[in-house]
Amino acid sequence: MIAQELSQEIKAFLTGVDPILGHQLSAREHARCGLLLLRSLPPARAAVLDHLRGVFDESVRAHLAALEESPVAGPPHLRPPPPSHVPAGGPGLEDVVHEVQQVLCEFIRANPKAWAPVISAWSIDLMGQLSSTYSGQHQRVPHATGSLNELLQLWMGCRATRTLMDIYVQCLSALIGSCPDACVDALLDTSVQHSPHFDWVVAHIGSSFPGTIISRVLSCGLKDFCVHSGAGGGASACGGSSSQTPSTDPFPGSPAIPGEKRVPKIASVVGILGHLASRHGDSIRRELLRMFHDSLAGGTGGRNGEPSLQATVPFLLQLAVMSPALLGTVSGELVDCLKPPTVLSQLQQHLQGFPREDLDNMLNLAVHLVSQASGTGAYRLLQFLVDTAMPASVITTQGLAVPDTVREACDRLIQLLLLHLQKLVHHRGGSPGEGVLGPPPPPRPVPFLDALRNHVGELCGETLRLERKRFLWQHQLLGLLSVYTRPSCGPEALGHLLSRARSPEELSLATQLYAGLVVSLSGLLPLAFRSCLARVHAGTLQPPFTARFLRNLALLVGWEQQGGEGPSALGARFGESASAHLSDLAPLLLHPEEEVAEAAASLLAICPFPSEVLSPSQLLGLVRAGVHRFFASLRLHGPPGVASASQLLTRLSQTSPAGLKAVLQLLVEGALHRGNTELFGGEMDGDNETLSVVSTPLASASLLDINRRHTAAVPGPGGIWSVFHAGVIGRGLKPPKIVQSRNHQEVIYNTQSLVSLLVHCCSASGGSEREGCWGAPTLSPEAAKAVAVTLVESVCPDAAGAELAWPPEDHARATVERDLRIGRRFREQPLLFELLKLVAAAPPALCYCSVLLRGLLAALLSHWEASRHPDTTHSPWHLEASCILVAVMAEGSLLPPALGNMHEVFSQLAPFEVRLLLLSVWGFLREHGPLPQKFIFQSERGRFIRDFSREGGGEGGPHLSVLHSVLHRNIDRLGLFSGRFQAPPPSTLLRPGT
């Protein structure tokens, strides 16, 4: 182009008037004139590019005006095309925009090093201005705080902005292999000025060049950070004077370069990386960790090191402070990055050159960052800090030891962290002035504590290890977590400690936690108790932990009741909670795991009962479970293992008369049950009839089977059910009973344990502790009566409630079957004799066992009558049963002393003579029936007695003549016994102490 033509073009461009025709240039003509100058006159580059800004602005305005005329709203890709009379890029500017793109792209391809930085800066700045100018001014432009996708679709649907984006992308592509810093620097500058309206540009470019943008944005941000924070003090930008809370101004102080008013780019770096974190989090994490390792590999930091390497660690800390998203991105692998001891050593060497003030600022900033850590990385970070500050073992492998300075730094970091968390927890409601003119602000969240909510169990387990200072830190953290998350984590933590503590030292941690939380958390113990019980019944708490939880509760309650050293307040509170949940604790006595059931028995044996009377359902449930626990412990552990169950049943018997009756009844029924008879020397009731039927291949029911189940109906004397069942025709006799004999000493020990428990229940029921002449406890007649009634119902249920009066001897012929069954039951279960002795010790309770005594006596009379042996030693059981029967009736005041002593000579007599003496006993009882009305209460003794002298012939009278005749017949052997069978004088019968 010749000089004259160039001069005319310059004049036309500057005036906007055609120099030849003299008319005003159109927008298209004016733009093309500028493009001509841009090609021909390099010095006009700035003016032309500035003019083209207006062209693109007019094109954008026309595009938005066309969208506003469209009657359909919605996303741009769903809207109809603009009207035909309005061009898509404005009035005649669409082709101009295209020409601009062609010209600029030619320049970039021809000389990218010269043109790409200039054009990229121009295009990116123009996009920022357009985004900010039209944001919120047009109805069709979404607000910047809205959906980023809508903004991106809107602006990419505009020809002008899409062209600018393509131009910038081409510039970045041209320089990406050499030096893209100029393009990225322009992107950062524009992002600082026009954010958040400019976010859509950052999102699009970052998605197109994630690797380049991430690395270059961080690089440019680091350089800018070094400039603004001063070349020698990168750490000074990382915090303020506050010891815990970082400064809100990330760049305190004046710029390092005098006269420069540029805004720091770190905020733009945070924004750009925050947009990319959702899709390119892995790339960001790798780049951040690479920068960290490169800075450590560069050697010692401080003011003598390279500025970029020196400022890397402070720069990364500042990024994490300003962007929780970046902190969450890198926190997951931070522990793995710092775990190698060599990395910690390098970090220590890198930081040793920093001034003390800078190190303190970075430490405070690290404390703040740890408190903001979230997700799964928070707990791993805590464990890393604790392990580094105080290893679990003092023995470390050579080469893996951490320097002492690193340990001290981690120790200080943990202490500052706990102090910082304490301030956050106790001041999280805001300042006192907040919320005065409106609703109070919501509590400030603490991400670190929120992330530890799901790790309460692990924290409790680590605390219970009692490893040096570690458990103190973790215990303090549990307290803070409990206060912060109230009321959820406090009861959970207390439950974990109680269910895992295995020693008094470990249990004291639970008491200390309670002491620290009782002021802040009301109702902590009931919540902890209910949550643990819920876990137990749901099966989520394993049996070993359940047993340990119950044993620890019993230990705490025991400390409180004994009044010795220990957390008595906690024990008393837990005792109250346990008493309020007796219905939930009772089923644990039936737990299939022995250690759980035994621990539950230990707790219930000492926990206080509620002040109000237990409901019948609660009482019966506890009694049933306690009785089951007693016999299960007796079977598994022997008498030493029934202490807790015995104590529980004794306490239940003292709650009310109904409780006493239930305890005695279920104990007696349980002792006589077929599953427990062998514990007390009895024979296993194998139910031979049933076994013989089951063993046969008969599948259908038969009348014979029904007849043989004679207990299905109440047998009546002489009826169709009176069958002896000796066997089945064609199959032979019944198989013999299954006898499983225990050691004799074991049987005696078991029997004493049961009888001792019954005696304790019967003696304590009256509320007084009166003792007999030999120091034995006085049994309650009412309690002994309950035992007697239960005996009758268990041994012979069809005779329950029968007449107490003694019938004539001939009446025994009508009750042969019942008498034989009673005699067989006494032979199979020797415990019945011990229970009769217990009943006889509390007159007149033995009267209510009249039907059993009568049946046993009838069976013995039948045996001695049929015996053909010369002496009684050939029938040892019958001899012993006869002696015990007479002795028991004498003890129960059913026989006078003269008749009650006759059993002493049974072993010296012949069977027919024993029968004669037992017949005299029958005759006496028929004339002097065993009726309770014949007993009177003697206050001196505190018991009922019977005065036989006031009954006609009550001392024995004619019934002693048979005994005397037997003595005379065997005077050579029994003469020395004659004094034992003389009726005492009447005056001695009521004498106290006799």
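The values are calculated or read from the model by the stated rules, or taken from the named source; none is laboratory data. No experiment lies behind these values; they were computed from the predicted model shown. All Cβ positions, even for glycine, are placed from backbone atoms using ideal geometry, and neighbour counts span all protein chains on display. For the accessible areas, the whole protein counts, side chains as well, though only heavy atoms, and no ligand, DNA or RNA atoms are used. Shrake-Rupley method; radii C 1.70, N 1.55, O 1.52, S 1.80 Å.
Listing for the model above:
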| item | result |
| --- | --- |
| Gap separating the Cα centres of the stretch 906-943 and the stretch 490-564, nearest whole Å | 59 Å |
| From phi via Karplus (6.51, -1.76, 1.60), per-residue ³J(HN,Hα) for the stretch 119-128 in Hz, x at Gly/Pro | 5, 5, 4, 5, 5, 6, 5, 5, 4, x |
| Relative counts (whole %) of C-alpha pair distances in the stretch 770-850, using bins that are 10 Å wide | 17, 44, 29, 9, 2 |
| Phi-based couplings in Hz for the stretch 365-375 (Karplus 6.51, -1.76, 1.60; Gly and Pro marked x) | 5, 5, 4, 4, 5, 4, 5, 9, 5, 9, x |
| Residues of the stretch 564-668: accessible area per residue with a 1.4 Å probe, Å² | 40 Å² |
| Distant-in-sequence amide H partners of Gln938 (H built 1.01 Å from N, under 5 Å) | Arg943, Phe944, Ile945 |
| Candidates per trypsin sites (Lys or Arg not before Pro) in the stretch 483-567, loop by DSSP, up to 16 other Cβ within 10 Å | Arg502 |
| Peptide ranges 95-106, 965-976 listed from the most packed, as the mean C-beta count within 10 angstrom indicates | 95-106, 965-976 |
| Relative frequency of Cα-Cα separations exceeding 19 Å in the stretch 908-982, percent | 48 percent |
